[in-house]
Amino acid sequence: MAVEVFSRAVPDQIDAEIRRPLVHRSGDRALIDPAAVGRGLRVFAGVRLVRHARADVVAFERAVVRLPEVVHTHHVTGNYDYLLQVEVADLPAYEDFHANRLASLPGVAMVTS
């Protein structure tokens, strides 16, 4: 029979993690602190597509739903074709996401945030 031996530092680290304020209780609701889970910055990004052909719309929609940073996607009318709610850790994380992932999706002509 194998017996695992832990130093006291490991349980102390686990205890500290459990005590971190991830959840705030308010009455009958529990709210997760976005910053504590790496989503401290919320950005609303307007996306305009190059073309509105059905194939282009479908290609964009299939790609955007695969991005875990995009928590809500709305197909809208007006200046943008889509309004996205994006949640990331901070501004540098958003700049990287915008430049390297969002702007390179199929059919994207412009992103404004």
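Could you run through the range 62-94 and say how many residues are in a helix (DSSP H, G or I) and within 16 Å of the chain's Cα centre (by Cα)?
Of the residues in the range 62-94, 6 are in a helix (DSSP H, G or I) and within 16 Å of the chain's Cα centre (by Cα).
On the given criteria, is Thr77 of a type in the set (S, T, N, Q) and in contact (Cβ under 8 Å) with a residue 12 or more places away in the chain? Let's see the steps before the verdict.
Details: of a type in the set (S, T, N, Q): yes; in contact (Cβ under 8 Å) with a residue 12 or more places away in the chain: no.
In short, no.
Could you tell me whether Pro11 is in contact with a helix residue (DSSP H, G or I) (Cβ under 9 Å, 6 or more places away or on another chain) and modelled with pLDDT under 90?
The answer is no for Pro11.
Please give the number of the condition Val3 fails out of (1) in contact with a Leu (Cβ under 7 Å, 6 or more places away or on another chain); (2) aliphatic (A, V, I, L, M); (3) at pLDDT below 95.
Tallying (1) in contact with a Leu (Cβ under 7 Å, 6 or more places away or on another chain); (2) aliphatic (A, V, I, L, M); (3) at pLDDT below 95, Val3 fails exactly one: (1).
Taking the range 27-50 as the region of interest, how many residues are under 30 Å from Val108 (Cα atoms), outside any loop (DSSP other than H, G, I, E, B) and among the hydrophobic types (A, V, I, L, M, F, W, C)? First the steps, then the outcome.
Looking only at the range 27-50, we keep the residues that are under 30 Å from Val108 (Cα atoms), and these are 34-35, 37-50.
Imposing the further condition that a residue be outside any loop (DSSP other than H, G, I, E, B) reduces the set to 34-35, 37, 41-49.
Restricting the remaining residues to those that are among the hydrophobic types (A, V, I, L, M, F, W, C) gives 35, 37, 41, 43-45, 47, 49.
Residues meeting the conditions: 8.
Could you grab the pairs with beta carbons closer than 9 Å, sequence gap of 6+ or different chains, first residue in the range 51-73 and surrounded by 15 or more Cβ atoms within 10 Å (Cβ to Cβ), second one in a loop (DSSP other than H, G, I, E, B) and charged (D, E, K, R)?
If the second residue must be in a loop (DSSP other than H, G, I, E, B) and charged (D, E, K, R), the pairs left are Val57/Arg51; Val57/Asp81; Phe60/Asp81; Glu69/Arg39.
The values are calculated or read from the model by the stated rules, or taken from the named source; none is laboratory data. These numbers come from a predicted model, not from an experiment. Neighbour counts are summed over all protein chains in view; Cβ atoms, including those assigned to glycine, are modelled from backbone coordinates with ideal geometry.
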